[in-house]
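Student: Take a look at the following structure, please.
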Amino acid sequence: MRWSEEGGGFPFVLLHGIPTSPALWRHVLPQVRGGRLLAFELVGYGESIPAGRDRDISVARQADSLLAWLDHLAIEQAVLVGHDLGGGWRRSPRCTSHGGAQVWCWPTRSATTPGRSSASGRCGRPGRSSAGCRRRCQGAGGSLLARGHDPAIDRESPAVSNQPYERHGGAAALAWQVRWLRTADTLQVADRLGDLQVPARVVWGVADPFQKLPYGQRFAWDLHTELWRIEGGRHFVPEDHPERLATAVNEVLGAIGAG
């Protein structure tokens, strides 16, 4: 298990998505006013890409890894801050009691067709993909990063996201990640979001080309909170608009009496 950690007090667990790593939060963390900030690295992502080879790295299994890691650190309650795939976690007593809370950038309920992965999933096992398939996945990753950032703001983020892939398998590593994107994992718990009774904030880029605004509106409704809209914002809010996300985290800090 890999993670970065700073600060002290009530734990805030930050969960990145695809195709990123804990570096996603590098501009958010300096603006959070307190708390024990733990940026968890999903198994099979970032510098943990080698650990995910030939292993189930679906959302369901990532949730098991997350809970095992929390047990290892003796963390019984935490605030979850999730972006992209990092928003697709199943219900846990650690985030449903009074001491828990959530800050979400978007859910993953519509990432792929239920019951199967997206087209890139046909690439199969890393190291055994055809050259053509690797090229398709490489192109998909570059397109995702380019379309997901605000062109007038971002400069260095795509390069930061690409660095782990350059070191650990390139397009084949991305293909393995995409293969495990299954909406069945999140649809299984989507109808129970309304049962969560915790302080929550939902921050959404209005111009997100991947997860449209109505998904954010539905998500905020389910969590009994308002939607924080970022006009012109796209998908990678933590990198393009870190101050808005940090404000949401700081509000939750205050709401649970930890700020």
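Read-outs throughout are calculated quantities, based only on the coordinates presented, and are distinct from any laboratory measurement. The structure displayed is predicted, hence computed values, not measured ones. Using ideal geometry, Cβ is built from the backbone for each residue, glycine included, and neighbour counts are taken over all protein chains shown.
Student: If you average the C-alpha positions of the range 200-259 and of the range 1-66 separately, how far apart do those two centres end up, in angstrom?
Tutor: If we compute the Cα centre of each part, the gap is 18 Å.
Student: With a bin width of 10 angstrom, please list the P(r) values of the range 1-71 as percents of all Cα-Cα pairs, from the 0 bin to the one holding the largest distance.
Tutor: 20, 52, 24, 4
Student: Let me ask you something else. Place a label point 7 angstrom from the Cα of ALA74 along the Cα-to-Cβ direction, then list the residues of the range 1-31 whose backbone nitrogen is under 16 Å away.
Tutor: Answer for this model: 9-11.
Student: Work out the P(r) tail for the range 212-253: percent of alpha carbon pairs separated by more than 15 Å, whole number.
Tutor: Values: 414 of 861 pairs.
Beyond 15 Å sits 48 percent of the P(r) for the range 212-253.
Student: Let me ask you something else. How big is the range 135-259 by Rg and Dmax over its Cα atoms, in Å?
Tutor: For the range 135-259, the Cα radius of gyration and maximum Cα-Cα distance read 16.7, 50 Å.
Student: Moving on to the next point. Which net charge results when you count Lys and Arg as +1 and Asp and Glu as -1 among the other residues whose beta-carbon is under 10 Å from that of VAL203?
Tutor: Details: positive: ARG201, ARG229, ARG244; negative: none.
It works out to a net charge of +3.
Student: Can you tell me the convex hull volume per residue for the range 31-76, based on C-alpha atoms, in Å³ to the nearest whole number? Spell out each step's value before the answer.
Tutor: Working: hull volume 4.5 nm³, N = 46.
Measuring per residue, one finds 98 Å³ for the Cα hull of the range 31-76.
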